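What follows is a single structure, written as structure tokens, with notes after it.
The values are calculated or read from the model by the stated rules, or taken from the named source; none is laboratory data. Bear in mind the structure is a predicted one, so any value in this text is a computation, not a measurement. Backbone-built Cβ (ideal geometry, glycine too); neighbour counts: all protein chains shown. Only protein heavy atoms, including side chains, enter the accessible area calculation; ligands, DNA and RNA are left aside. Shrake-Rupley method; radii C 1.70, N 1.55, O 1.52, S 1.80 Å.
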Amino acid sequence: MAHIVGMDVLDVRFPTSRELDGSDAMNPDPDYSAAYVVLHADEGPDGYGFAFTIGRGNDVQAAAIRALEGHVVGLRVPEDAAALADLSRQLVGDSQLRWLGPEKGVAHMAVGAVVNAAWDLAARRADKPVWQFLSDMTPEEIVGLVDFRYLTDAITPDEAYEILVKAQEGKAERVQNVLANGYRAYTTSPGWLGYSDDKLVRLAKQAVADGFDMIKLKVGGDLDDDIRRLRLARAAVGDEIRIAVDANQRWDVSVAVEWMRALAPFDPYWIEEPTSPDDVLGHQAIARRIAPIKVASGEHVQNRVVFKQMLQAEAISVLQLDAARVGGVNENVAILLLAAKFGVPVCPHAGGVGLCELVRHLSMFDYVSVSGSQAGRAIEWVDHLHEHFTDPAVVRGGYYLAPRKPGFSARMHDATLRRYRFPDGPEWTGENS
């Protein structure tokens with residue numbers, strides 16, 4: 001039997017603030033970063049995962065991941081649903097580390113990075129991409145992945161099982177469809193807040209030419225600027241293209257309502273993160289007052305419990321899970337099942353290094369084995385930094401292509417790790433200039 005014999009953690013940062021890629025009203029100068037973890041096995045491939053941050057604090061995130069080393073080194077390599085469920089529960093359940101959350105923040109994101117690396121390792125050993133590795137599991141195995149504690153007032157294991165059994169019908173056809181046609185994408189690339197008007201218009205027109213039927217703009221800095229930018233974007237793409245907007249938690253409830261009413265003439269499809277990601281009732285109030293504009297949230301929702309409450313309160317019309325914010329694949333399976341129970345479409349957050357690579361697996365699994373639908377769904381696309389991954393996400397004609405290589409697509413090139421390692425990589429010491 002193969003065992004995990006070592007764990008490496010690297011602080012990897014990309015200087016995206018230099019060109020204002022990723023800039024928004026709350027995060028004006030992000031350096032997209034990854035606290036990157038490698039699980040070394042004594043036989044066969046290694047496993048790769050990461051927690052996404054935007055620069056300062058990535059060292060703190062890396063330290064939190066290192067704190068889990070004692071839980072994984074020496075374990076048998078997980079190869080099936082039961083072993084992956086056991087590992088997840090062991091990491092989440094450490095009573096002393098759990099105190100730092102519980103199940104939220106840096107400590108929980110560290111669990112997610114290690115859990116995702118374990119899924120990458122298991123899928124590599126099975127010679128399947130994670131979406132297919134998951135989809136090949138039985139409904140019983142998938143239910144066994146989920147920690148239903150705190151969820152049974154919204155969804156029980158029996159209800160989850162029924163959702164999964166129902167999705168068995170037509171599953172083989174959906175697998176073939178996603179392999180042949182991929183999964184709908186929308187793009188945020190035109191809409192970063194730091195971009196000039198000319199760049200916004202140019203990239204918006206290019207997005208339509210590339211086959212996207214929805215773009216997203218960052219808002220929340222200045223209302224007059226947002227009105228001008230939405231007017232330019234709407235003129236650039238026409239009336240048939242959806243435009244979503246994203247405030248990145250910028251507003252109080254009343255401000256969000258007033259701001260969105262001012263933007264309403266430009267027909268925004270949704271407003272993303274209008275207020276604090278923890279404010280369930282605030283999201284609910286905004287949703288009721290700005291309808292029919294949708295409210296979307298989730299990239300900073302810290303665990304399945306807050307998602308449960310968002311859904312119970314009808315506070316969101318679009319659920320945006322994040323592959324690296326919660327406790328890894330296992331918890332995201334729980335969130336997908338919750339979304340299916342409440343009939344809310346999932347449009348994952350992918351604005352960050354490596355997130356496009358990961359979330360496509362989760363959406364494709366959702367389509368094949370959980371919701372059985374792509375209606376109202378799309379995966380965010382941000383067109384930078386993919387070249388640093390050995391299995392990069394690819395979008396053609398507005399659709400994500402299905403990943404076919406084994407694993408979770410989290411592995412970075414060794415040359416990237418050497419160059420962008422912080423603080424001693426050449427990109428940060430100036431040796432490349």
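Taken over region 300-341, residues that are touching a residue at least 40 places away in the same chain (Cβ under 8 Å) and either more than 17 Å from residue 378 (Cβ to Cβ) or touching a Ser or Thr at 6+ places or on another chain (Cβ under 7 Å) (or both) amount to 23. Of all residues in region 211-228, at least one satisfies being touching a Leu at 6+ places or on another chain (Cβ under 8 Å) and farther than 26 Å from residue 352 by Cβ.
Checking the stated criteria, residue 134 turns out not to satisfy the condition of being under 26 Å from residue 393 (Cβ atoms), among the aliphatic types (A, V, I, L, M), in a helix (DSSP H, G or I) and open to solvent by 30 Å² or more (accessible area, probe 1.4 Å).
The set of residues in region 165-212 that are buried (at least 21 other Cβ atoms within 10 Å of the Cβ) and of a type in the set (Val, Ile, Thr) comprises 178, 187, 188. Is it the case that region 346-365 has a residue that's acidic (Asp, Glu), within 24 Å of residue 173 (Cα to Cα) and in contact (Cβ under 8 Å) with a residue 24 or more places away in the chain? Yes, there is a match, as at least one residue in region 346-365 is acidic (Asp, Glu), within 24 Å of residue 173 (Cα to Cα) and in contact (Cβ under 8 Å) with a residue 24 or more places away in the chain.
Taken together, 44, 55, 22 contain a single residue that is within 30 Å of residue 219 (Cα to Cα), at pLDDT below 95 and not polar (S, T, N, Q), which is 22. Candidates are the residues of region 369-406 that are over 30 Å from residue 162 (Cβ atoms) and among the β-branched types (Val, Ile, Thr); the one that is modelled with the lowest pLDDT is 382. Applying the condition of being of a type in the set (Ser, Thr, Tyr) and surrounded by 13 or more Cβ atoms within 10 Å (Cβ to Cβ) to region 151-164 and asking which residue is nearest to residue 342 (Cα to Cα) yields 156. Hey, any hits in region 273-292 for a residue that's among the β-branched types (Val, Ile, Thr), at pLDDT 95 or above and in contact with a Ser or Thr (Cβ under 6 Å, 6 or more places away or on another chain)? No, because not a single residue in region 273-292 is among the β-branched types (Val, Ile, Thr), at pLDDT 95 or above and in contact with a Ser or Thr (Cβ under 6 Å, 6 or more places away or on another chain).
Among the residues examined, residue 59 qualifies as under 24 Å from residue 14 (Cα atoms), of a type in the set (D, E, K, R) and either touching a Leu at 6+ places or on another chain (Cβ under 6 Å) or in contact (Cβ under 8 Å) with a residue 12 or more places away in the chain (or both).
So that you can scan it fast, the table gives a plain yes or no per residue for (1) open to solvent by 10 Å² or more (accessible area, probe 1.4 Å); (2) closer than 29 Å to residue 60 by Cα:
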{"position": "332", "(1), (2)": "no, yes"}
{"position": "338", "(1), (2)": "no, no"}
{"position": "343", "(1), (2)": "yes, no"}
{"position": "363", "(1), (2)": "no, no"}
{"position": "388", "(1), (2)": "yes, yes"}
{"position": "405", "(1), (2)": "yes, no"}
{"position": "428", "(1), (2)": "yes, yes"}
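For the structure I just gave you, tell me whether residue 42 is under 18 Å from the mean Cα position of the chain (by Cα) and among the acidic types (Asp, Glu).
no
Exactly one residue among 51, 67, 34, 41 is over 25 Å from residue 129 (Cβ atoms) and not charged (D, E, K, R), and that residue is 67.
Please indicate, with yes or no, whether at least one residue in region 182-189 is within 30 Å of residue 46 (Cα to Cα) and not aliphatic (A, V, I, L, M). Yes, some residue in region 182-189 is within 30 Å of residue 46 (Cα to Cα) and not aliphatic (A, V, I, L, M).
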